[in-house]
Each structure stands twice: as structure tokens, then as C-alpha cells.
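Working notes, beginning with the structure itself.
The values are calculated or read from the model by the stated rules, or taken from the named source; none is laboratory data. Bear in mind that the values here come from a model prediction, so they are computed numbers and not experimental data. Note that we place each Cβ from the backbone using ideal geometry, even for glycine, and neighbour counts take in every protein chain shown.
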Amino acid sequence: MASGSKKAIIAAMVANLGIAIAKFVGYAFTRSSSMLAEAIHSVADTSNQALLLLGSRRAARKATGEHPFGFGRERYFWSFIVALVLFTFGGLFAIYEGWHKLGSDSHEIANARWAVGILVFGIILEAGSFRTAVNESRPLKGSASWWSFIRHSRTPELPVVLLEDLGALIGLVLALFGVSAAAITGDSRWDAAATISIGVLLVVIAAVLAFEMKSLLIGESARGATRERIIAAIEGTHAVTEVIHMRTQHLGPDELLVGAKIQLKRSLDTVAVAASINQAETAVRKAVPIATLIYLEPDIIDPKHPDLVADEPTSEEPPSGR
């Protein structure tokens with residue numbers, strides 16, 4: 001895992017642990033449903049960061065005979081589990097608690113000052129964590145929008161932490177509004193409505209994360225700029241005349257599989273062909289260090305199949321800032 005991702009995860013975990021403790025104390029004094037929902041939210045977030053660190057550690061294991069391509073996708077798997085945890089323990093609990101408080105268990109908010117003070121404290125801590133995640137994400141985001149970064153990033157931890165921290169900040173603001181409105185009006189339905197809103201927010205974030213992590217688990221190609229560098233490196237090798245066809249797939253955020261058919265000069269003998277392929281592989285690794293597995297196959301362009309192209313099928317992606 002890149003140091004920036006790890007720094008963002010640790011900052012978020014420390015902040016969420018401190019916030020969770022403060023929120024449970026606040027709930028004990030106020031009996032606010034939105035405060036309880038936010039406390040459970042912070043516990044889920046703290047667990048999520050622990051899972052991200054676990055995934056990073058497991059992904060660093062060496063390849064085995066049973067898993068010859070290594071364990072890089074562990075980071076995608078545990079990020080997917082994070083989305084499920086956020087959905088199950090955060091969103092659904094908050095929706096249930098808010099709905100329950102709208103009904104038979106309605107009551108006035110006690111000691112609202114405790115709740116307000118703790119929520120403001122939580123906003124300050126969460127804002128610091130969110131700022132760290134933003135600063136660590138900027139070098140990878142480049143000129144793309146934040147939404148495009150979240151949608152197309154091959155590094156799962158930073159988008160997860162970004163959305164978690166953003167959701168936590170919005171949730172804290174909703175809880176602060178609900179508690180304040182309930183204390184001022186004496187109507188606890190404001191508190192219950194804020195709790196339900198927090199739950200819906202968490203469900204939406206979890207759905208976005210689950211969808212994106214599923215795409216990474218299935219396998220995504222290198223981004224356009226990376227593919228272009230790979231082709232340029234191969235075709236820049238002296239004996240290579242053209243890249244006929246190429247496929248790439250991320251085995252992990254920092255591991256890329258490259259497979260390509262290339263056309264070589266026809267005058268080469270077997271030894272020269274092998275040497276040329278080795279030179280092309282070296283050039284690719286120099287241009288794209290994460291290209292850890294490269295398979296190049298010599299071939300000849302077949303004029304009967306003009307649909308074969310020198311690059312992968314393109315998709316709508318933002319400009320890469322990497």
C-alpha cells in the first residue's frame with residue numbers, strides 16, 4: 001500500500017475511534033437516537049479502517065503455487081467487505097433506530113448541550129481526517145474531478161476513506177441539526193428524522209462503494225494514459241514494428257498484468273526474437289513500474305482480420321493525472 005493511503009486510513013481510524021467514544025458518552029446523557037446512530041456509524045467506520053489495513057497486509061503476501069499471480073486483489077475484497085459493513089451496521093441500524101423513535105419510543109432530548117458539544121467536537125476531528133484523505137488523494141486524482149477519481153481509481157483505500165469521511169461529516173451535521181431542532185421545539189421527531197437521514201446517506205455511500213469495488217474485483221484494465229505508455233515502450237524497442245493486440249488487467253492497485261501480440265522484423269532468428277521480447281519487457285517495466293507480469297507473443301498482422309487493433313477497447317475515462 002502506498003504511504004499516502006496508509007496515512008489516510010490511520011488518520012481516519014484514530015479520529016473515528018475518538019469520535020465513537022465521545023458519541024456513546026453523549027448518547028448516555030441525551031438518549032438521542034441520532035447520537036446513537038452516529039456512534040454506531042463511527043464504530044463501523046473504525047472497523048472499516050481496520051479491515052482496510054488487514055487487506056493491505058494480506059495483499060503483501062508472496063505468490064504461491066495455488067495463487068501464482070499473488071494476493072493483490074485482497075485489497076479490493078476487503079474494501080468490498082467495508083462497503084457491506086458500512087451498509088449493514090451503519091445504514092440499516094440508523095434507519096431502524098430512527099423509524100423506531102418516530103413511533104412508540106418518542107421522547108424529549110435531555111442535556112442537549114452535551115450532544116451539541118460532542119457533535120461539534122466530532123465535526124472538528126472528522127474534518128481533520130477528511131482533509132488528510134483529500135491531501136493524500138490529490139497526487140493520484142490529477143486534473144480529474146473528485147467523482148471521476150472515485151469512479152475510476154484503481155487504488156481502493158483512498159476512495160473508501162474519502163466517502164466514509166464525507167459521509168461522516170454530513171451525518172454529523174444532520175445529527176447536529178436534528179438534536180438542535182428537537183431541543184428547541186421539544187419535538188423528538190426532528191431527532192428521529194435526522195437519524196433516518198443518516199441511515200439513508202450511509203446506504204447510498206455503501207451502494208456506491210460496493211458497485212465500484214465489485215468492478216475492481218472482476219478485473220479492470222489499465223487506464224488510457226498507462227496503456228499508451230506501454231504501447232510506446234513496446235514499439236520503441238528496435239526490433240518491434242507494431243503492437244497488434246493488447247490486453248491489461250489490474251491484479252492489484254500496484255500490480256498490472258500485460259499481454260500483447262507484437263509484430264517483429266521478419267529477418268530475426270529465434271535467439272534475436274527472444275532477445276527482442278526481453279528488451280520490450282524491460283522497456284515496459286521502466287515506463288510503467290507496476291507492470292509486474294508481462295507476456296509478449298510474436299505474431300504477424302493478418303490482413304483478413306482488420307478489426308484487430310493495437311490497443312484495448314476504450315471506455316469513457318477521465319484524463320489520468322498519474
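If you go through segment 58-94 and pick out every residue that is of a type outside the set (Val, Ile, Thr) and within 16 Å of the chain's Cα centre (by Cα), you end up with 14. Exactly one residue among 18, 91 is buried (at least 21 other Cβ atoms within 10 Å of the Cβ) and touching a residue at least 60 places away in the same chain (Cβ under 8 Å), and that residue is 91. Filtering 213, 246 for residues that are closer than 15 Å to residue 87 by Cα and of a type outside the set (Gly, Ala, Ser) leaves a single hit, 213.
From the list 148, 143, 129, 137, the one residue that fits, being modelled with pLDDT under 85, assigned by TED's automatic domain parsing to the domain that holds residue 32 and over 15 Å from residue 19 (Cβ atoms), is 143.
For segment 90-99, residues that are closer than 16 Å to residue 27 by Cβ and either in contact with a helix residue (DSSP H, G or I) (Cβ under 7 Å, 6 or more places away or on another chain) or not assigned by TED's automatic domain parsing to the domain that holds residue 197 (or both) total 5. One residue stands out in segment 186-214 among those that are surrounded by fewer than 22 Cβ atoms within 10 Å (Cβ to Cβ) and modelled with pLDDT under 85: the one that is farthest from residue 111 (Cα to Cα), namely 189. The listed residues are 118, 124, and the only one of them that is surrounded by fewer than 17 Cβ atoms within 10 Å (Cβ to Cβ), in the same structural domain as residue 16 (by TED's automatic domain parsing) and out of contact with any Pro (no Cβ under 6 Å at 6 or more places or on another chain) turns out to be 124. Just one of the listed residues (260, 272, 181, 233) is modelled with pLDDT under 90 and farther than 19 Å from residue 153 by Cβ, namely 181.
Would you pick out the residues in segment 133-178 that are surrounded by fewer than 19 Cβ atoms within 10 Å (Cβ to Cβ) and over 27 Å from residue 226 (Cβ atoms)? Hits for segment 133-178 are 166, 169, 170, 173, 177.
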